[in-house]
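The values are calculated or read from the model by the stated rules, or taken from the named source; none is laboratory data. On a predicted model such as this, the values are computed, not experimentally measured, just so you know. As a convention, Cβ positions derive from the backbone with ideal geometry for all residues, glycine included, and neighbour counts pool all protein chains shown. Only protein heavy atoms, including side chains, enter the accessible area calculation; ligands, DNA and RNA are left aside. Shrake-Rupley method; radii C 1.70, N 1.55, O 1.52, S 1.80 Å.
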Amino acid sequence: MKKFFTFLLIILAFTSLQVFVVEKADVLKLHTMRPSTSFTENDDGTLDLTWQPLPYPCFYRVETFMRTTGLANAAPAYRVIADDFAVGANYRTPKTAVPMYYRVSAYGMFGQVSAPGEIILNPRYREPLKPVSISRYTKDKPASLMPFLLWHVVPTAVCYELEILSDTPEREGGTTLSKRRSLASTRQIFTNGYQADLRPFRHFRQVYWRVRALGLHHEPIGEFSKAEPITIDAALPMPDKPLINNFDQMPHFEQPLYPVYEWIPLNGQRKYEVELTTKPPVGDTLPADDRVWYYTVENASTCYDEYARPWAGDYYWRVRAVDDNGRTVGHFSAPEKFTVAEHYTRITTAIFGDSITHGGGAVSYPPCALEYSYGTYLDFPVINLGRSGDTSRTSLERFTTDVLPWQPMNLLILMGSNSLRAEEISAADIIDDLTAMRNLCEDNDIRPIFLTLMPINPANIAYAFQAETDPKWHDKLTIVNAFIKKQKYFIDLEPYFYDSSRRFLDTGLSIDGLHPDIKGKMLMAEIVNLHKNLLR
């Protein structure tokens, strides 16, 4: 038996030596090779990264990157979002609404054996930008007369124009409607999905659809998507429940303290009721008997929860269309679950303030679209304690209920942007609120780290929200930021966000003139990341 084990050890040592020689001496010249990558679109809208395996047993490192803005000094060109390993030659890329880059490298028993792969861009975001369809209705899986048409989000698109055609267009892409084959079109789409009404075209066995992204002034962002066929079966039942919009959620999705709910609405229905439960709801026509909250909105596909949800546990929400008497039109959507994690010790860092902290941007994107949250791009985990609509005073008033239960060691504070716009609120009022906030933090062993207020763009605010801005907003901004820069802990955002005139918020960073968009939220985080030394 002892001889057997001795022999086994010799064999293992010899095998390891062979592997070592192959990998380190590179007798197969593996170090000159690199995995050749490509992408495959799946029927459910997900995207697989695939590559040609190397002629040697190994596993593969898949790095996911996000390109930084290049506007913050000393920030790296790319930021690592995920670092995973795969045994095969296939990797399911995470759902996301922002451009992601990938790199594949091969590893053996003794470390990396191939040259690092090239950093390649998710093909959905190559120029010119075109929406990529999720919905596909074939002869095997036909559509009813009112099908949902879904596509992947185009970053910073404010709305979309969708066209129904009798046949493929004269030319694919472009930015103009078909002259001879267009059957119908609409620009009243403010999310990445639409329930089309094909009843006027019931005599067609097949029609086509395509969509393009539009900006604030309905200017095209890229081109029309590839025209997709819709095979129609008029006998199929027509969908009568809204769809939860979770098609392009960022990885590791978490609701902010004040949740926001988003769906794809039913065609022609203007009123919706959202309900929240702490157990999976039963039935899909009547409200749940044990629902803990509900709220009705009109002409919207989002609903902002009016209450904070700090208590740990599972939550379920769903939405239904209702008539003027509150009766269900059709059925409730499928329930969507989110979880608030238990925390037994003090959390390290929270972010606090108004809608700029809460999230959202480009007019149409709510805070549950985490690509519009600067917390998404920070190098450290945070709890989002923002609330849309806050003034500096209303932020201060909820400190005890919304901040103290978390007992953060650090609190990143950005409050007062809405107060700048209000003529009745002075710079002194904002400074009083910031002073009180600082004192409350210090009294509770919380380090207050203030972010300077960013400029705004009154003309864009007026166009996007039909709201006026105090003409003295910049004078107030200067006074408030001078106060913030006298605090022990602060991060100066203001200089990075001006346009070329050095007077207003850069439209390239904020379409609506108030809320930074994806690039703006990335820039905010990059600046904060450069000041991580302020955290304790």
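Given labels modelled 7 Å from the Cα in the Cβ direction, how far is it in nm from Ala86 to Phe380?
Label-label distance for Ala86 and Phe380, simple model: 3.4 nm.
So I have [x] 40, 36, 25; [y] 45, 28, 20; [z] 54, 25, 21, and one of them is semi-axes √(5λ) of the Cα gyration tensor in Å calculated from this model. Which one is it?
Correct label, based on the coordinates given: [x].
For the chain, which whole percent of the accessible surface, found with a 1.4 angstrom probe, sits on carbon and sulfur atoms?
Values: 13460 of 24710 Å².
Here carbon and sulfur together make up 54 percent of the probe-accessible area.
So how far, in whole Å, is the C-alpha centre of the stretch 135-188 from the one of the stretch 329-369?
Distance between centres, Cα-based: 31 Å.
Once fully extended, how much extra length lies between Thr32 and Tyr295, figured as 0.36 nm per residue of separation less the alpha-carbon to alpha-carbon distance? Mind dumping the intermediate values first?
Details: separation 263, 0.36 × 263 = 94.68 nm, distance 6.07 nm.
Length difference between fully extended and current span is 88.6 nm.
Might you work out the accessible area of Lys271 for me, using a 1.4 Å probe with all protein chains in place, and round it to the nearest 10 Å²?
Surface accessible to solvent at Lys271 totals approximately 40 Å².
Only Lys, Arg, Asp and Glu count, each charged at its Cβ (+1, +1, -1, -1), so figure out the dipole size of the stretch 101-250 about its Cα centre, rounded to 20 debye.
Details: 19 positive and 15 negative charges, 60 e Å.
Using only the charged Cβ atoms, the result is roughly 280 debye.
Where in the chain is the longest stretch that carries no GluC sites (Glu not before Pro) classed as loop by DSSP and with at most 14 other Cβ atoms within 10 Å?
Details: sites that count: Glu118, Glu170, Glu172, Glu306, Glu342, Glu423, Glu424, Glu468.
It runs 173-305.
Using the Cα centre of the stretch 375-508 as origin and beta-carbon charges of +1 (Lys, Arg) and -1 (Asp, Glu), tell me which of Gly389, Leu420, Gln466 is placed farthest towards the positive end of the dipole.
Positive-most Cα among the choices belongs to Leu420.
Using only C-alpha atoms and all pairs of different ones, pull out the Kirkwood radius for the stretch 425-509 in Å with one decimal. Mind dumping the intermediate values first?
On the way: mean 1/r = 0.0707 Å⁻¹.
Over the stretch 425-509, the inverse of the mean reciprocal pair distance is 14.1 Å.
Would you mind calculating the gained length between Asp48 and Glu306 on full extension (0.36 nm times residue separation, minus the Cα-Cα distance), in nm to one decimal? Display every interim value, and only then the final one.
Working: separation 258, 0.36 × 258 = 92.88 nm, distance 3.86 nm.
Length difference between fully extended and current span is 89.0 nm.
Quick one: if you stick a label point 7 Å off each Cα along the C-beta vector at Lys488 and Arg536, how many nm between them?
0.7
When only C-alpha pairs under 8 Å and at least 6 residues apart count, what is the relative contact order of the stretch 207-281, in percent? Intermediate results must be reported in sequence, preceding the final value.
On the way: 48 pairs, mean separation 16.7, N = 75.
Worked out over the stretch 207-281, it gives 22 percent.
Compute the relative contact order of the chain as a whole-number percentage, counting only Cα pairs closer than 8 Å that sit 6 or more residues apart in sequence. Walk me through the numbers before you get to the answer.
Working: 1144 pairs, mean separation 55.5, N = 536.
10 percent.
In whole Å, what is the distance between the alpha-carbon centres of the stretch 234-269 and the stretch 479-495?
Each part reduced to its Cα centre gives a spacing of 40 Å.
Give me the net charge for the shell around Gly520: Cβ to Cβ below 11 angstrom, other residues only, Lys and Arg +1, Asp and Glu -1. The partial results should precede the final answer.
Working: positive: Lys519, Lys521; negative: Asp506, Asp512, Asp517, Glu526.
Around Gly520, the charge tally is -2.
I'd like the FRET efficiency for Arg171 and Glu41, computed as 1/(1 + (r/R0)^6) with the beta carbon distance as r and R0 of 22 Å, rounded to 0.05. Display every interim value, and only then the final one.
On the way: r = 22 Å, r/R0 = 1.01.
The formula returns an efficiency of 0.50 here.
At a Förster radius of 45 Å, what calculated FRET efficiency corresponds to the Cβ-Cβ distance of Asp324 and Leu404, to the nearest 0.05? Let's see the in-between values first.
On the way: r = 42 Å, r/R0 = 0.93.
FRET efficiency, Asp324 to Leu404: 0.60.
When we measure straight from the Cα of Lys532, which aspartates and glutamates land under 19 angstrom away, once same-chain ones fewer than 8 places off are left out?
Asp379, Asp445, Asp492, Glu494
Run the Debye formula on the Cα coordinates of the stretch 226-282, all scatterers equal and no solvent, and tell me log10 I(q)/I(0) at q = 0.16, 0.21, 0.31 1/Å.
The Debye formula, applied to the Cα set alone, gives -0.83, -1.14, -1.34.
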